[in-house]
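The values are calculated or read from the model by the stated rules, or taken from the named source; none is laboratory data. The shown structure was predicted, so the numbers you read here are calculated from the model rather than taken from an experiment. In this analysis, Cβ positions are derived from the backbone assuming ideal geometry, glycine residues included, and neighbour counts consider all displayed protein chains.
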Amino acid sequence: MAMLCMDFPRELGLTGRLNARYEQRTPLGEPRYTGSKPEIKKFMRTILVIGADRGIGEALCVELQARGDAVVAACLKDSPALRALGVEVVSGVDVTSASAIAALASRLAGRRLDVLIHVAGVVFEAKLGHFDYDAITTEYAVNALGPLRVTEALLGSLGEGSKIAIITSRVGSLGENMSGGLYGYRMSKAAANMGAICLAHDLKPRGIAVMALHPGSVRTEMTRGLTNAAVGPLIEPIDAARGLLARIDELNLDATGSFRHANGAVLPW
Ligand SMILES: NC(=O)c1ccc[n+]([C@@H]2O[C@H](COP(=O)([O-])OP(=O)(O)OC[C@H]3O[C@@H](n4cnc5c(N)ncnc54)[C@H](OP(=O)(O)O)[C@@H]3O)[C@@H](O)[C@H]2O)c1
């Protein structure tokens, strides 16, 4: 993993404990926030990434931490690498487990989430005549029901101005399916897209915007396990993360319910 160094707020001068002023800088060394610790905290956005152990989720956390946001990385297992960067890591967050998600919600109770990013996903190859229905059921449980289960449990932490990004995939697009294959993955991602639209409708009155996003074809464990034909040229996770964050930064209530590529293209459902 690329280790980007995060500048924590550092004290400016010896001003004494009560009046201490802090400065937080960007990775390029430019001042980002200056003020007392409580003042700085007010400006920092809190962003929860679900599925942060590796791949795109991990890269999102690295990039967000470098930007100076308060990042909570929810991992199925754990991430010593993110902990070492100062990211708050919550381990044991299985999006298929009601009790694990309830535990996450109670840990976050009382904290506002500015952005919730669903990244957790699984894929299994599926060839007609050789379907493994248990594997397809798992894809549905993680990819389609996971974002719903987590969002529903965390509604109390989301409010006016919060954003929800669901990393689905363009292979879940009905309109763009020109090759077939990957049945369970495609079907679960199409269902996740539908979940994103339903959430966008339900949450718009509460001022919460929702978007489905395709990260591009990204070099991760997921694509390593697929045949070349299913993948194509790959970009690095950190580049996908930067594109995804640019789209999430742009997201507002006017664009709620949209499906975008990390490169900015609007995708067909
Ligand atoms: N890579 C691509 O080209 C591509 C393209 C389109 C869409 N996507 C989507 O982007 C997302 C991230 O993909 P990736 O390429 O970064 O995949 P990845 O490297 O395989 O990472 C998947 C992540 O999901 C976690 N996860 C799996 N099952 C989970 C569960 N039940 N609960 C919580 N977390 C779980 C994994 O945890 P562990 O590490 O502990 O197993 C891992 O952190 C996925 O939703 C994927 O479908 C990827």
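Numerical summary
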quantity: Qualifying residue in region 114-123 (condition: modelled with pLDDT of 95 or more and either over 16 Å from the mean Cα position of the chain (by Cα) or among the basic types (Lys, Arg) (or both)); calculated: yes
quantity: Condition met for GLY92 (over 24 Å from ASN252 (Cα atoms) and either in the same structural domain as LEU154 (by TED's automatic domain parsing) or within 14 Å of the chain's Cα centre (by Cα) (or both)); calculated: yes
quantity: Residue count for region 61-97, restricted to those that are within 9 Å of the ligand (Cβ to nearest atom) and not in a strand (DSSP E or B); calculated: 10
quantity: Given (1) loosely packed, with under 14 Cβ neighbours inside 10 Å; (2) over 16 Å from ALA153 (Cβ atoms), index of the condition LEU85 fails; calculated: (1)
quantity: Scope region 145-168; condition surrounded by 24 or more Cβ atoms within 10 Å (Cβ to Cβ) and either of a type in the set (Val, Ile, Thr) or not in a strand (DSSP E or B) (or both); matching residues; calculated: GLY146, PRO147, VAL150, ILE164, ILE166, ILE167, THR168
quantity: Count - residues of region 103-133 that are in a helix (DSSP H, G or I) and away from the ligand (no atom under 14 Å from the Cβ); calculated: 5
quantity: Listing of helices (runs of 4 or more DSSP H) fully contained in region 180-255 that carry 3 or more residues being surrounded by fewer than 23 Cβ atoms within 10 Å (Cβ to Cβ) and more than 19 Å from the chain's Cα centre (by Cα); calculated: 183-203
quantity: Residue check, ASN177 surrounded by 14 or more Cβ atoms within 10 Å (Cβ to Cβ) and either modelled with pLDDT under 95 or in a loop (DSSP other than H, G, I, E, B) (or both); calculated: yes
quantity: Only listed residue being within 11 Å of the ligand (Cβ to nearest atom) and within 17 Å of GLY55 (Cβ to Cβ), chosen from LEU182, LEU244; calculated: LEU244
quantity: Residues of region 162-211 classified as under 14 Å from ILE117 (Cα atoms) and among the basic types (Lys, Arg), total; calculated: 1
quantity: Filtered residues of region 161-182 (kept if of a type in the set (A, V, I, L, M) and out of contact with any strand residue (DSSP E or B) (no Cβ under 8 Å at 6 or more places or on another chain)); calculated: VAL171, LEU174, MET178, LEU182
quantity: Boolean, GLU139 is among the charged types (D, E, K, R) and surrounded by fewer than 22 Cβ atoms within 10 Å (Cβ to Cβ); calculated: no
quantity: Matching residues, region 149-179, being within 14 Å of the ligand (Cβ to nearest atom), in contact with a Lys or Arg (Cβ under 7 Å, 6 or more places away or on another chain) and among the hydroxyl-bearing types (Ser, Thr, Tyr); calculated: THR168, SER169
quantity: Residue satisfying all of: in region 42-60; more than 21 Å from ALA100 (Cα to Cα) and within 13 Å of the ligand (Cβ to nearest atom); surrounded by the most Cβ atoms within 10 Å (Cβ to Cβ) among these; calculated: LEU60
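The rows are residues; the columns are (1) without any contact (Cβ under 8 Å) to a residue 24 or more places away in the chain; (2) touching a Gly at 6+ places or on another chain (Cβ under 8 Å).
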site	(1), (2)
VAL150	no, no
ALA153	no, no
ILE164	no, no
LEU174	no, no
MET178	yes, no
ARG186	yes, yes
ASN193	no, yes
